[in-house]
Amino acid sequence: METGYSRPYLESLSTDELIQLADRAGIDIPPHLDRIFIISELLEYSEAEEAYADDMEEALPSQADYIDAVPLVKQYNITYIEVLIRDPLWAFVFWEAASGIREIHEKALDFGGYSLLVSPAHSGKEKSEDSFEIPVGVEDMAWYIGFPPELRKAGEKGMVSCYQVQLCALREFGRVPLCESAPFTMPALQGPPPHPDTLSPLALLSGAAEFRVTRLQDRESRFMQD
């Protein structure tokens, strides 16, 4: 209901209009009550509503006070990549690239998008043949990465379980690494790699039977052909 009525305004209304205002305000008006008392009730209600609104305005901080009281997140507009392990087959990766870095690459004529380069973690800088790459969109900021059983048993030293993920900008002259995650270890797979026919309904729901691995050299060879 509107509040802040003046006495002259209320006196200009008919008795029926005064009763309608009182009904909307939840004021119980006895039958045949003189209009003078109806106006008094409405004025008293209006003054109480105005006082309550003033108290609330004083109690609530202004927008400027709120902005001053809430500091910006320390990781605002920086470049980073993090990994959360979901289970032995899946990890959730999320990232951010600082606006200045994105602008440099995205405005370049040879810009080809972004990718996540997943590699076994080791001390050397050169990426292993067991690495694989996932193209991601310009607007993407998170992705689920699958680690299928056949990939996990690769490598010269047996089971590969420790990885790193790089966020890269794709340019005509190659990948430009923007940031790299800390090494992370996927949980061990129990027993031999499962056959799709023996997977549990939950594993099937997760997509474990539909893993398709594109080796890094395979992707590069197709890129050269194109």
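Computed from the coordinates by the stated procedures, all read-outs in this text should not be read as laboratory data. In this text, all values refer to a predicted model and were calculated from it rather than measured experimentally. For neighbour counting, all protein chains shown are included, and Cβ atoms are generated from backbone atoms with ideal geometry for every residue, glycine included.
In whole Hz, with x marking every Gly and Pro, tabulate ³J(HN,Hα) for the stretch 34-44 from phi via Karplus 6.51 cos²θ - 1.76 cosθ + 1.60, θ = phi - 60°.
In residue order, the calculated couplings are 4, 4, 4, 6, 5, 4, 4, 4, 5, 5, 5 Hz.
Using the basic label-point model (7 angstrom from Cα toward the beta carbon), what is the Trp143 to Lys107 distance in nanometres?
2.6
For Glu41, what is the net charge nearby, where nearby means another residue's Cβ is under 12 Å from its Cβ and Lys, Arg count +1, Asp, Glu -1?
Charge balance near Glu41 sits at -4.
Assuming 0.36 nm per residue, please report the length gained on full extension of the stretch Phe94 to Glu11 beyond their Cα-Cα distance.
23.4 nm
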